């Protein structure tokens, strides 16, 4: 049977207008997402590259720990002062204190050269040394005869004086501690006399039987 009317056009199988519009919108969203993602990844790559360059420059500018000097001098370890320990040498309390470095212990002046009459001590405690009218060979001091009860060492020469009576020229307060031979026996007065070898030097009054602690000995002239 033959259809009545115009023949309809054949169907092509294409998308409807609504489907095409949805497809176009989806494609646009995908392209936009890819574009934004590319920009974000590029930004991350640039930041990472810049951080790497900064780190490289910092490492190049910093000196190594082994080869660089410490600012302001030595390190704290180098500046630390050693503490006294068991191995530290301490002064022997039985030996006289040495004079300060650079100072001199002058020999007494000679009364015969200066025209001065030395004064003999008479007001100290303890026994007195015997004073005679004869003069010592050291410039005219009156001879004082004292007894050394202990061997002693000269302050400047290290010469020794033996036990027994000695002829002493004079005495002076040097402000230097005598060696301590017995407990509580102290003094800073020294006598000027000759050692066993005939060398003049300062010897401690704590080694002399006459006198008392921390004062001059009666019967001995004051050094000038």
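If the requirement is being in a loop (DSSP other than H, G, I, E, B) and modelled with pLDDT of 85 or more, which of these qualifies: 123, 81, 100? Before you say what the answer is, go through the steps one by one.
Working: 81 fails: modelled with pLDDT of 85 or more; 100 fails: modelled with pLDDT of 85 or more.
Exactly one of 123, 81, 100 is in a loop (DSSP other than H, G, I, E, B) and modelled with pLDDT of 85 or more, namely 123.
On the given criteria, is residue 164 modelled with pLDDT of 95 or more, in the same structural domain as residue 128 (by TED's automatic domain parsing) and either within 21 Å of residue 126 (Cβ to Cβ) or in contact with a helix residue (DSSP H, G or I) (Cβ under 9 Å, 6 or more places away or on another chain) (or both)? Show your work before the answer.
Working: modelled with pLDDT of 95 or more: yes; in the same structural domain as residue 128 (by TED's automatic domain parsing): yes; either within 21 Å of residue 126 (Cβ to Cβ) or in contact with a helix residue (DSSP H, G or I) (Cβ under 9 Å, 6 or more places away or on another chain) (or both): yes.
Yes, satisfied.
Against the numbered list (1) over 26 Å from residue 114 (Cα atoms); (2) outside any strand (DSSP E or B); (3) touching a residue at least 60 places away in the same chain (Cβ under 8 Å), residue 187 comes up short only at (3). Residue count for region 141-175, restricted to those that are surrounded by fewer than 18 Cβ atoms within 10 Å (Cβ to Cβ) and in a loop (DSSP other than H, G, I, E, B): 9. Listed conditions (1) at pLDDT 95 or above; (2) closer than 18 Å to residue 224 by Cα are all met by residue 141, apart from (1). Sub-7 Å Cβ pairs linking a first residue in region 113-127 that is more than 18 Å from residue 187 (Cβ to Cβ) to a second residue that is modelled with pLDDT under 90 and surrounded by 12 or more Cβ atoms within 10 Å (Cβ to Cβ), at least 6 apart or interchain, are 113/139; 114/224; 116/224; 117/111; 118/111; 118/224, ordered by first then second residue. Can you pull out the residues in region 183-200 that are on the phi < 0 side of the Ramachandran plot and out of contact with any helix residue (DSSP H, G or I) (no Cβ under 8 Å at 6 or more places or on another chain)? Hits for region 183-200 are 183, 188, 192, 193, 194, 195, 196, 197, 199, 200.
Just to be sure before I move on: is residue 134 part of a strand (DSSP E or B) and either without any contact (Cβ under 8 Å) to a residue 24 or more places away in the chain or more than 27 Å from residue 112 (Cβ to Cβ) (or both) in the structure I sent?
Working: part of a strand (DSSP E or B): yes; either without any contact (Cβ under 8 Å) to a residue 24 or more places away in the chain or more than 27 Å from residue 112 (Cβ to Cβ) (or both): yes.
Yes, satisfied.
Given the structure, is residue 214 part of a loop (DSSP other than H, G, I, E, B), assigned by TED's automatic domain parsing to the domain that holds residue 145, surrounded by fewer than 23 Cβ atoms within 10 Å (Cβ to Cβ) and modelled with pLDDT of 95 or more? Spelling it out, it is not the case that residue 214 is part of a loop (DSSP other than H, G, I, E, B), assigned by TED's automatic domain parsing to the domain that holds residue 145, surrounded by fewer than 23 Cβ atoms within 10 Å (Cβ to Cβ) and modelled with pLDDT of 95 or more.
The values are calculated or read from the model by the stated rules, or taken from the named source; none is laboratory data. Keep in mind the model is a prediction, meaning the values are calculated, not measured. Please note: Cβ atoms are built from the backbone with ideal geometry, for glycine as well, and neighbour counts cover all protein chains shown.
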